[in-house]
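One structure is given below, encoded as structure tokens.
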Amino acid sequence: MTKFVILEYPDPRLRKKAAPVTVVDDAVRQLVDGMLEAMYASNGVGLAATQVDVQQRVLVLDVSEARNSPMVLINPQILAASGRAITEEGCLSLPGIYDKVSRATQIRFGALDREGRGYEMDAEGLLGVCVQHEMDHLEGVLFVDHLSELKRQLIRRRVDKERRQRSTSGDRLSVPAL
């Protein structure tokens with residue numbers, strides 16, 4: 001199975017928009033399996049294909065406490081959204097960075113599963129936030145884009161400083177420094 005490296009902000013590949021999946025085949029299922037492996041290995045609750053530099057509308061999630069209920073959303077669409085709440089979010093592409101983001105409190109979404117079967121589901125709480133967050137990735141949007149310009153600048157400086165510290169300490173970077 002392909003081992004995926006999760007791209008880190010500000011890698012420009014995170015800004016690419018994903019294309020719809022035209023057929024759910026073994027290659028897509030292998031992508032899903034690799035993404036789940038990368039997500040679990042990184043202790044994440046969600047991962048979009050764009051975060052592993054695959055420009056397809058695929059995301060995986062697992063918000064269960066036991067981390068044993070993976071969900072696959074291929075070509076996801078939000079069908080309805082209501083309410084607003086501010087919750088703290090983090091992202092595997094911005095390790096160690098957390099901030100408050102306003103999202104819909106209830107959503108209804110539709111997607112294909114790993115076998116290509118369509119389904120619809122209502123979501124709220126962590127699942128609802130996670131679906132919205134990962135769907136943003138498919139559009140080239142990061143959670144920091146929902147923050148003020150000042151907060152984005154502070155986060156960018158922090159990320160750049162941490163990257164410089166890693167490179168001078170001899171740690172290998174998983175993505176090229178920008």
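The values are calculated or read from the model by the stated rules, or taken from the named source; none is laboratory data. Quick caveat: nothing in here was measured; it's all calculated off a predicted structure. Cβ coordinates were reconstructed from backbone atoms using ideal geometry, including for glycine residues, and neighbour counts include every protein chain displayed.
Brief remarks follow.
- Search result, residues across segment 5-35 that are without any contact (Cβ under 8 Å) to a residue 60 or more places away in the chain, in a helix (DSSP H, G or I) and within 20 Å of GLY140 (Cα to Cα): ARG13, LEU31, MET35
- Taking segment 81-109 as the range and being touching a helix residue (DSSP H, G or I) at 6+ places or on another chain (Cβ under 6 Å), buried (at least 16 other Cβ atoms within 10 Å of the Cβ) and not hydrophobic (A, V, I, L, M, F, W, C) as the test, the residues that pass are GLU89, SER93, ARG103.
- Residue within segment 42-60 that is small (Gly, Ala, Ser) and farther than 21 Å from GLY140 by Cβ present: no
- Residue within segment 75-82 that is over 22 Å from SER102 (Cβ atoms) and modelled with pLDDT of 95 or more present: yes
- Qualifying residue in segment 58-80 (condition: in a helix (DSSP H, G or I), buried (at least 18 other Cβ atoms within 10 Å of the Cβ) and in contact (Cβ under 8 Å) with a residue 40 or more places away in the chain): no
- Of all the residues in segment 126-162, those that are of a type outside the set (Asp, Glu) and free of Cβ contacts under 8 Å to residues at least 60 places away in the same chain number 15.
- The one condition from (1) surrounded by fewer than 16 Cβ atoms within 10 Å (Cβ to Cβ); (2) assigned to a helix (DSSP H, G or I); (3) in contact (Cβ under 8 Å) with a residue 24 or more places away in the chain that SER167 does not meet is (3).
- Qualifying residue in segment 81-99 (condition: among the acidic types (Asp, Glu) and either over 30 Å from ARG156 (Cβ atoms) or touching a residue at least 60 places away in the same chain (Cβ under 8 Å) (or both)): no
- Identity of the residue in segment 1-46, charged (D, E, K, R) and farther than 21 Å from ARG117 by Cβ, that ends up farthest from the chain's Cα centre (by Cα): LYS3
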